[in-house]
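Structure, as structure tokens:
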Amino acid sequence: MHARSTSTRGTTAHLDAAIAYVRDEVLPKVRDTDGCVGLSMLTDRDSGRCIVATAWTDQEAMRADAAEARTLQHRLVHTVGGEHADVQEWDIAVLHRDRPAGDGAGAQVTWARIAPTHLDDLLDAYRSNLLPRLQELPGFCSVSMLVDRRLGRTVSVTSFENRDAAGLVRRHARSLREQFAQALGARIVDVAEMDLVLAHLHVPEAV
């Protein structure tokens, strides 16, 4: 399974318009696109950051949608009042749900880097060590880990039943990830607490 993420920063006053655009125009098209298995959207009302991700059965289907992806990129940047978008492609390496995270869930997003040769070791340890500990956190719904094998980049998204639940475990979850990253030789480069405003990914379990 593969994913494409489109990230931008705009003005917080325009976030609702960006959400409406993705919900009302992009999501219906995604549902009718061959090989696409859904869409999610994360936003941060403090910073104006938003991330739209689409998931795909294979890389060929994802890249066949390149023209629509460029339209999404331009419209999203314009609607949210941003200046540019960062578009990245990923392998979906881990996905586990205890229960579905609905629209309005809270999420902790962590970006990290590791030597590409150590990525498989990181994923094995993530599944056997960190995932069970994240599942014990109050309000936990699901977790995903996306990777760029060529560059050794990773992004993990842990969702909770709402933003308050995510906030209550903020320090504990961050401590778990920092200890895990240090032990495996990974470097955390960014952490964000965001709202999962659209949760319509139908990616099968991958652990």
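Every number in this text was worked out from the coordinates using simple rules, so none of it is lab data. Not measured: the values here are computed from a predicted model. When we count neighbours, we look across all protein chains shown, and the Cβ atoms used for this are built from the backbone with ideal geometry, even at glycine.
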(request) Round to the nearest 10 and give me the degree value, 0 to 90, for the angle of helix 170-184's Cα axis relative to the longest principal axis of the chain. (result) 70 degrees
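Using r as the Cβ-Cβ distance of Val191 and Asp34, and R0 as 30 Å, what FRET efficiency do you calculate, to the nearest 0.05?
0.30
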(request) Please give the FRET efficiency for Asp91 paired with Ala13, using the beta carbon to beta carbon distance and R0 = 41 Å, rounded to the nearest 0.05. (result) 0.70
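Using the Cβ atoms and a cut-off under 14 Å, what net charge is assigned to the surroundings of Asn129, where Lys and Arg are +1 and Asp and Glu are -1? Write down the numbers at each step before the final one.
Working: positive: Arg127, Arg133, Arg177; negative: Asp121, Asp124, Glu136, Glu178.
Once all neighbours under 14 Å are counted, the net charge is -1.
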(message) Output the 0 to 90 degree angle, nearest 10, between the alpha-carbon long axis of helix 66-80 and the longest principal axis computed from the alpha carbons of the chain.
(response) 90 degrees
(request) Determine the calculated [θ] at 222 nm for the chain from helices alone, applying -39500 (n - 2.57) to every DSSP H run no shorter than 4 residues and normalising by the residue count; nearest 500 deg cm²/dmol. (result) -8500 deg cm²/dmol
(message) Once you place label points 7 Å from the Cα toward the Cβ at Glu83 and Asp98, how far apart are they in nm?
(response) 4.1 nm
(request) Pairs of Cα atoms under 8 Å, at least six residues apart: use those to get the relative contact order of region 56-207, whole percent. (result) 34 percent
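Which loop-located trypsin sites (Lys or Arg not before Pro) does region 125-170 contain, where loop means any DSSP state but H, G, I, E or B and the Cβ has at most 12 other Cβ atoms within 10 Å?
Loop-located and lightly packed - Arg150.
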(message) Name the residue from Phe140, Gly81, Thr57 whose Cα lies farthest towards the positive end of the charge dipole of region 24-147, charges +1 on Cβ of Lys and Arg and -1 on Cβ of Asp and Glu.
(response) Phe140
